Amino acid sequence: MNNTNDITASFGTLYLPKSALVFYETKGANTDVYVEHFDMDKNGNPINAHPLTVKEASILAKCLKTDDEKNQAFLKPKGILPTNILHINPSEKGTVLWYTKAQQRQLYFVDSLQIPNGIAHVPSMLWFADKNSLTIFALANNRRPTEKTPLHHAPFFNIYEKGNVCMGTVNVEIKNSASVEDFIKAWEDYFFNSYFSHSLCANLTKKNVVNLWESLINTDKPFPTEVLKTNNKTLKNLL
C-alpha cells in the first residue's frame, strides 16, 4: 500500500481531556477522603492541582444527573403510545414487541442472488427486539395480533429458523435515550436498509425464497400469504 488517506474525519466526534479528579483516602479504621481537581493543558497533561470546589462538584453532579435522566428515558413514548406496539419492557436491557401491516418496502439484495434491488410488497410482520438483537415473524393478516395469534416464519434471507436475524456487518447503535418510536424506527431501518445475502434455513416458505422475491420485486403484486409456513408458536411464546 503506497498511498495513505487521512481518515480522521470519519472517526466521529473528537473528545479532548479537560480536567481530572484524583481521590485520596487515609489509612486506618476512620478513613477520610480528599478530592483534588486538575486542569489539563493542550497536550493532555494535568496542571493547576487544587481541592475540588463546590462549584466544580455541582457541575459534575449536573452531568451525572443528565446521564441518569437519559437512561431513564429509554423506551418512553414521545406522546400517546402507538397502537402497533404490543408490549414494552423499559428496563436497562429493555425489549419491545410490535407489529407492522403489509406494506411496500425498498429491498436490497447482494449480486450473487441475482435479484434486482427494488420495491416489493412485504407481509404483515411481528418484531421483537432489544438494543442488540432482532427477531421477526410473519403474520397471515393485518389484524392486531393477540396472544393466540399463530406466528409464521419470516419469508426473508438472513433469518434463522427461530426468527432471529443475522445482521452481519451492520453496526447497530441504539441510544440509551431512545424513545420507543425511535427504537422501532431504527430497527426497521436497520433491517430493510441492509442487504439480503443468503438463506440461513431451508424451507422457511412453501415456495423457493429466491423465486418468491424474483416474482415480487418491482411489481405491484401483493405478498402471497399462502406461501407462509407456521412455526407452531403463538405471540404468547414471546411474552
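The values are calculated or read from the model by the stated rules, or taken from the named source; none is laboratory data. What you see is a predicted model; the values in this text were computed from it and never measured. Using ideal geometry, Cβ is built from the backbone for each residue, glycine included, and neighbour counts are taken over all protein chains shown. When the accessible area is computed, the model is the full protein with side chains, heavy atoms only, and any ligands, DNA or RNA have been set aside. Shrake-Rupley method; radii C 1.70, N 1.55, O 1.52, S 1.80 Å.
Share of the chain's accessible area from carbon and sulfur, percent, 1.4 Å? All intermediate terms of the calculation are to be shown ahead of the outcome.
Numbers: 8010 of 15510 Å².
Looking at the chain in its full context, I get 52 percent from C and S.
Students often check this: by mean Cβ neighbours within 10 Å, which of 34-44, 201-211 ranks highest, and how do the rest follow?
201-211, 34-44
Report the one residue of Thr225, Asn211, Tyr195 whose Cα lies farthest in the direction of the positive end of the charge dipole of region 193-239 (charges on C-beta: Lys and Arg +1, Asp and Glu -1; origin at the Cα centre).
Thr225
What number comes out for accessible area per residue over the chain if the probe is 1.4 Å? Units Å², please.
About 65 Å² of surface per residue is accessible.
What are the lysines whose alpha-carbon lies under 22 Å from the alpha-carbon of Lys148, with same-chain residues fewer than 8 places away excluded?
Those lysines meeting the cut-off are Lys101, Lys162, Lys229, Lys233, Lys236.
Give the residue list of GluC sites (Glu not before Pro) in region 143-189 that are DSSP loop and have at most 13 other beta-carbon atoms within 10 angstrom.
When the GluC sites (Glu not before Pro) of region 143-189 are filtered for loop state and at most 13 Cβ neighbours within 10 Å, Glu147, Glu161, Glu173 remain.
Taking H as built 1.01 Å from N, whose amide H comes closer than 5 Å to the amide H of Phe196, not counting residues under 5 places away?
For Phe196, the qualifying residues are Tyr108, Phe109, Val110.
What is the packing order of peptides 131-137, 110-116, taking the mean over residues of other C-beta atoms within 10 Å and listing the highest first?
Averaged packing, sorted descending, gives the order 131-137, 110-116.
Can you pull a Stokes-Einstein diffusion coefficient for the chain at 37 °C (0.692 mPa s), Rh from Kirkwood over Cα pairs, as a whole number of µm²/s?
After rounding, the answer is 150 µm²/s.
Rounded, prolate or oblate for region 101-198? Axes are the square roots of the Cα gyration tensor eigenvalues, ordered a ≥ b ≥ c, and the cut-off for rounded is a/c under 1.5.
In terms of gyration-tensor shape, oblate.
Scan around Val172 for amide H atoms under 5 Å from its own, H built in the peptide plane at 1.01 Å from N, and keep only partners 5 or more places away or cross-chain.
none
Tell me the mean residue ellipticity at 222 nm calculated for the chain from its helices only (DSSP H runs of n ≥ 4, each -39500 (n - 2.57), averaged over every residue, nearest 500). Kindly include the intermediate steps, with their values, before the conclusion.
Working: 3 runs with 40 residues, N = 239.
Value at 222 nm, helices only: -5500 deg cm²/dmol.
Sequence gap at least 6, Cα distance under 8 Å: using those rules, report the relative contact order of the chain to the nearest whole percent.
18 percent
In sequence order, what are the phi-derived ³J(HN,Hα) couplings for region 79-86 according to the Karplus relation 6.51 cos²θ - 1.76 cosθ + 1.60 with θ = phi - 60°, rounded to whole Hz, with x for glycine and proline?
These are the phi-based 3J(HN,Hα) values: x, 5, 4, x, 5, 8, 8, 9 Hz.
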